[in-house]
Amino acid sequence: MGKALIHNWQWKLLSLFLAVCLWSGLITQDESLTREKIFNDVSINVTNADTLRRNGFIIVSGLDDLPAVRIRVDVPQKNYNTVTASNYNLRIDLSRIRETGEQTLQVLSSSSSNYGTVTDISVESVAVQVDEYITRSRIPVRLNITGALPDGLYGGEPQVDPAYVVVSGPRSLVENVVRCVVDYDLSTLTAQAGTERTAVPFRLVDNDGRDVDSSLIDVTSQSVSLDSIIVSQTLYTAKTLVINTSDLVVGTPAEGYSIRRISAEPSSLVAAGKDPYISALGDLHLAEFTDQQIDVSNMRATVTRNISLTKPSDIAHFSTDSVLITVEIAPD
């Protein structure tokens with residue numbers, strides 16, 4: 001027996017090695033022979049979210065904390081060492097949802113002749129909460145202005161772009177939205193005259209001024225998604241001017257009477273406008289900014305008139321629209 005084993009032992013050993021190789025090759029090419037393999041911490045994909053919205057539904061909870069799962073698969077021998085968890089495409093299909101409320105979705109997987117089949121998934125289903133998906137248009141944009149303008153400047157009325165937005169999302173949230181609020185801080189503006197445009201974040205609020213959770217709401221304008229609102233603010237140079245009443249009063253009081261004093265209330269005002277026009281102004285001569293005059297011809301008593309101001313094109317703002325002029329007339 002021993003002589004038989006050791007006779008030509010090199011050839012016998014080589015034959016055994018070749019037999020094993022041939023057997024291994026045949027095994028690996030036989031797709032009917034599989035081996036079990038386990039993958040841990042496999043992510044679940046979410047598919048057809050757009051289809052779900054087109055069907056008029058949206059997931060409001062249940063997808064935020066999808067668990068990482070363990071899967072057991074039967075893999076053909078020839079691909080055992082190359083297969084990965086992604087080959088089985090673990091997923092939940094949102095297009096299968098047909099109604100609102102709590103829905104249970106099966107965790108699906110893909111099978112193929114190359115990579116085999118999934119035989120066990122540690123989490124077989126996921127519970128989600130479904131709401132109607134609705135859209136509301138022409139939600140107004142409103143400014144919540146805080147802070148103060150830089151010294152020496154006056155700001156016109158800020159303008160927002162867009163003035164209205166469209167909101168889409170779960171009915172339970174969207175139906176509560178009444179306006180889009182932009183918190184606009186004037187103190188952040190550059191301290192120089194001119195127009196400044198700023199992209200400012202916004203929030204959605206209900207009728208009581210409370211914030212509405214916007215994480216599930218799409219805000220758009222002309223089909224473009226928005227994450228901010230453009231606020232345009234024009235700043236003008238501001239200057240305090242003393243009111244000058246010369247040339248405003250015409251005529252002569254009655255004989256034996258004279259003008260003792262002419263006073264203005266207020267005695268000064270703030271004017272804002274374009275440079276260099278504003279910077280060049282000294283006193284504000286009322287006669288140049290109104291078409292009214294005070295005629296004291298033959299007057300024997302003090303005269304009081306409210307004079308309306310007219311702004312030329314280079315002035316954007318007067319701190320008052322009118323000035324109260326008092327002409328004191330007394331006997332000589």
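The values are calculated or read from the model by the stated rules, or taken from the named source; none is laboratory data. Computed from a predicted model, the values in this text were never measured in an experiment. Reconstructed Cβ throughout: ideal geometry from the backbone, glycine too, with neighbour counts over all protein chains shown.
At-a-glance table
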quantity: Of all residues making up region 7-34, the number that are assigned to a loop (DSSP other than H, G, I, E, B) and at pLDDT 65 or above; calculated: 1
quantity: Of residues in region 193-210 being outside any loop (DSSP other than H, G, I, E, B) and basic (Lys, Arg), the one farthest from residue 318 (Cα to Cα); calculated: 203
quantity: In region 134-157, residue nearest to the chain's Cα centre (by Cα) [restricted to those that are over 21 Å from residue 205 (Cα atoms) and in a strand (DSSP E or B)]; calculated: 155
quantity: Conditions (1) of a type outside the set (Val, Ile, Thr); (2) touching a helix residue (DSSP H, G or I) at 6+ places or on another chain (Cβ under 7 Å); (3) surrounded by fewer than 16 Cβ atoms within 10 Å (Cβ to Cβ): number failed by residue 140; calculated: (2)
quantity: Residue list for region 158-192, filter: surrounded by 15 or more Cβ atoms within 10 Å (Cβ to Cβ), in a strand (DSSP E or B) and of a type outside the set (Val, Ile, Thr); calculated: 168, 169, 170, 179, 180, 184
quantity: Residue count for region 121-137, restricted to those that are closer than 24 Å to residue 168 by Cβ and surrounded by fewer than 14 Cβ atoms within 10 Å (Cβ to Cβ); calculated: 2
quantity: All positions within region 288-332 that are of a type in the set (Gly, Ala, Ser) and surrounded by fewer than 16 Cβ atoms within 10 Å (Cβ to Cβ); calculated: 297, 301, 308, 313, 319, 322, 330
quantity: Residue list for region 206-232, filter: in contact with a Lys or Arg (Cβ under 6 Å, 6 or more places away or on another chain) and under 26 Å from residue 53 (Cα atoms); calculated: 211
quantity: Any hit, region 111-120, residues being of a type in the set (Asp, Glu), within 30 Å of residue 167 (Cα to Cα), surrounded by fewer than 17 Cβ atoms within 10 Å (Cβ to Cβ) and touching a strand residue (DSSP E or B) at 6+ places or on another chain (Cβ under 7 Å); calculated: no
quantity: From the options 287, 272, 264, residue that is under 20 Å from residue 323 (Cα atoms) and under 44 Å from the mean Cα position of the chain (by Cα); calculated: 272
quantity: Tally, over region 35-93, of residues that are part of a helix (DSSP H, G or I), among the aliphatic types (A, V, I, L, M) and crowded, with 17+ Cβ neighbours inside 10 Å; calculated: 2
quantity: Flag for residue 215 being surrounded by fewer than 15 Cβ atoms within 10 Å (Cβ to Cβ), of a type outside the set (Val, Ile, Thr) and under 35 Å from the mean Cα position of the chain (by Cα); calculated: yes
quantity: One residue from 139, 145 being within 19 Å of residue 222 (Cα to Cα), touching a residue at least 12 places away in the same chain (Cβ under 8 Å) and of a type in the set (A, V, I, L, M, F, W, C); calculated: 139
quantity: Cβ-Cβ under 9 Å pairs, at least 6 apart or on other chains, region 202-227 side at positive phi and assigned by TED's automatic domain parsing to the domain that holds residue 178, far side surrounded by 10 or more Cβ atoms within 10 Å (Cβ to Cβ) and of a type in the set (A, V, I, L, M, F, W, C); calculated: 209/181; 222/166; 223/166
